[in-house]
């Protein structure tokens, strides 16, 4: 069985670059939020989930977000209270989005 992380596809076409790998045996995927999926756009991430499912690739994990869709860094260990709270909220959103994408929530 082949597994893969979208971390290697950040930028460019994002997760769509690996959809053809489903035919080559890719079965499991770790999603990273820098891979062309905007967690603030429910319609977009549900569309991504449907594309992945159709390709036969199963989402099995989600990497914590490193950046927002706009490119802002997310650092849950920031010494700045506001930045840390922002980062925690973004991480919580990514967890909820992953559960929606996998049908677990």
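Below, the figures for the structure above:
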quantity	calculated
Odd one out for residue 39, checked against (1) surrounded by fewer than 19 Cβ atoms within 10 Å (Cβ to Cβ); (2) under 13 Å from residue 98 (Cα atoms)	(1)
Matching residues, region 54-71, being loosely packed, with under 14 Cβ neighbours inside 10 Å and free of Cβ contacts under 8 Å to residues at least 40 places away in the same chain	54, 56, 61, 64, 70, 71
Out of 12, 22, sole residue that is modelled with pLDDT of 80 or more and either touching a strand residue (DSSP E or B) at 6+ places or on another chain (Cβ under 7 Å) or over 22 Å from residue 90 (Cβ atoms) (or both)	22
Test: residue in region 39-58 that is modelled with pLDDT of 85 or more, touching a strand residue (DSSP E or B) at 6+ places or on another chain (Cβ under 6 Å) and in a strand (DSSP E or B)	yes
Pair list, Cβ under 6 Å, 6 or more apart: region 79-101 residue closer than 18 Å to residue 43 by Cα, other residue in a helix (DSSP H, G or I)	97/45; 101/45; 101/49
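The values are calculated or read from the model by the stated rules, or taken from the named source; none is laboratory data. The structure displayed is predicted, hence computed values, not measured ones. A quick note on method: Cβ atoms are made from the backbone with ideal geometry, for glycine too, and the neighbour counts reach across all protein chains shown.
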